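Asker: Okay, handing you the structure first.
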Amino acid sequence: YLSDEGLKGSGDLEYRNSSSSSDKILFFPDSMNLYTQKFSISQVETGIEFPEVSNTESYAHFEPYNDRLEISKTKDPFDLYKSQVSFDGNLLMRPTGLTGSEIMSLDKANVTSSFFTYNANWFKSESSDLEVFSKKGGLSIEAVNLKSHIDLEMLEGVFNSNGKNSYVKFPENQYISYIDKLTWDMNEEAFVLGNQVVTGKGSEFVSIHSDQDSLRFIAKTAFYSLKDYIIYSA
């Protein structure tokens, strides 16, 4: 529909392995804006990989000459990895793959980053924050500035320290730890604290309880259970 308001339309857009359906499309000389009622990306497991993505109402900005499609939610979060993860943020699709920013929500956990990279079965970030929630709704783990790699096929998350500004806090236990590695076994609902392969002095745990005057200890091995919220150390 062409008028003094510009060129408008409705219909379906297919870009690579994505599909958008919209009853409101605005066309420009170098791009187009879509208010979608349905959006999806089909999974690609070979070559340049893509996860499965879907949403209903979203806003998309397509630049064909720059070969890029930006998508952001307008109502509900995106559904990723066959409903294993919901995503509250913005996505960018290019021939080189899919990236995004903001909050990835798994079962009782949030991973937040300004830059995620997505593959068919996993996602990662060079700097991210982790929040794991207890059954009561409070925080059981709060980790800051960690490299993250979440594998949805193996149900495992690996988090590595980025240096002095990285730490892991256990609010339920009122302890903080400066560990080099954190491994999440989603099936067992447990975390391995520290690098269990490399020999060294171990991981230091410092109490943040107001009555314990920075009580601290070093553990060669440590585990944290999400079933009873206890730090097991040796």
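Asker: Enumerate the amide H contacts of GLY97 below 5 Å, restricted to partners 5 or more residues apart or on another chain; note that Pro and chain-start residues carry no placed amide H.
Answerer: Placed amide hydrogens put nothing under 5 Å from GLY97.
Asker: Wrap a convex hull around the Cα atoms of region 1-75, take a quarter of its surface area, and give that in square nanometres.
Answerer: Values: hull surface 21.1 nm².
Mean orientational projected area (region 1-75, Cα hull): 5.3 nm².
Asker: Under the definition of Cα pairs under 8 Å and six or more residues apart, what whole-number percent is the relative contact order of the chain?
Answerer: On the way: 592 pairs, mean separation 20.1, N = 234.
With pairs under 8 Å counted, the relative contact order is 9 percent.
Asker: Once phi is turned into θ = phi - 60°, what whole-Hz ³J(HN,Hα) does the Karplus curve with 6.51, -1.76 and 1.60 give for every residue of region 181-189, x standing for Gly and Pro?
Answerer: 8, 9, 10, 10, 9, 5, 5, 7, 6
Asker: Extension gain TYR1-ASN160, at 0.36 nm per residue separation less the Cα-Cα distance, in nm?
Answerer: On the way: separation 159, 0.36 × 159 = 57.24 nm, distance 5.32 nm.
Full extension of this stretch gives 51.9 nm more.
Asker: Something else now. Counting only residues 5 or more places away or on other chains, whose amide H sits under 5 Å from the amide H of TYR175 once H atoms are built in the peptide plane?
Answerer: PHE170, ILE208
Asker: Right, something else. Hey, can you grab everything whose amide H is under 5 Å from the amide H of PHE115? Only 5+ residues off in sequence or another chain; H modelled, so Pro and N-termini drop out.
Answerer: GLU102
Asker: Pop out the ³J(HN,Hα) list for region 115-124 in order, Karplus 6.51 cos²θ - 1.76 cosθ + 1.60 with θ = phi - 60°, rounded to Hz; leave Gly and Pro as x.
Answerer: Here the 3J(HN,Hα) series is 7, 9, 10, 10, 10, 4, 10, 8, 9, 8 Hz.
Asker: Turning to a different aspect of this structure: On a straight-distance basis, which aspartates and glutamates could pair with LYS164 in a cross-link, Cα separation under 20 angstrom, same-chain partners fewer than 8 positions away excluded?
Answerer: GLU126, ASP129, GLU131, GLU142, ASP180, GLU204
Asker: Follow-up. Mind sorting out which of (i) 33, 21, 16; (ii) 43, 17, 15; (iii) 40, 25, 18 is the real semi-axes √(5λ) of the Cα gyration tensor in Å computed from the coordinates?
Answerer: (ii)
Asker: Probe of 1.4 angstrom, ligands and nucleic acids ignored: what's the accessible area per residue over the chain, in square angstrom?
Answerer: Working: 12470 Å² over 234 residues.
Each residue of the chain exposes 53 Å² on average to a 1.4 Å probe.
Asker: When all protein chains stay in place, what accessible area (Å², nearest 10, 1.4 Å probe) is found for TYR175?
Answerer: Counting only protein heavy atoms, TYR175 exposes about 40 Å² to solvent.
Asker: Could you pull the accessible area for THR56 with a 1.4 Å probe, rounded to 10 Å²?
Answerer: Per-residue accessible area (THR56): approximately 70 Å².
Asker: A follow-up question, please. Count of lysine pairs in region 49-142 with Cα atoms under 22 Å apart, counting only pairs 8 or more residues apart in sequence or on different chains?
Answerer: For region 49-142, qualifying lysine pairs total 9.
The values are calculated or read from the model by the stated rules, or taken from the named source; none is laboratory data. Computed from a predicted structure; not experimentally measured. With ligands, DNA and RNA removed, areas are computed over all heavy atoms of the protein, side chains included. Shrake-Rupley method; radii C 1.70, N 1.55, O 1.52, S 1.80 Å.
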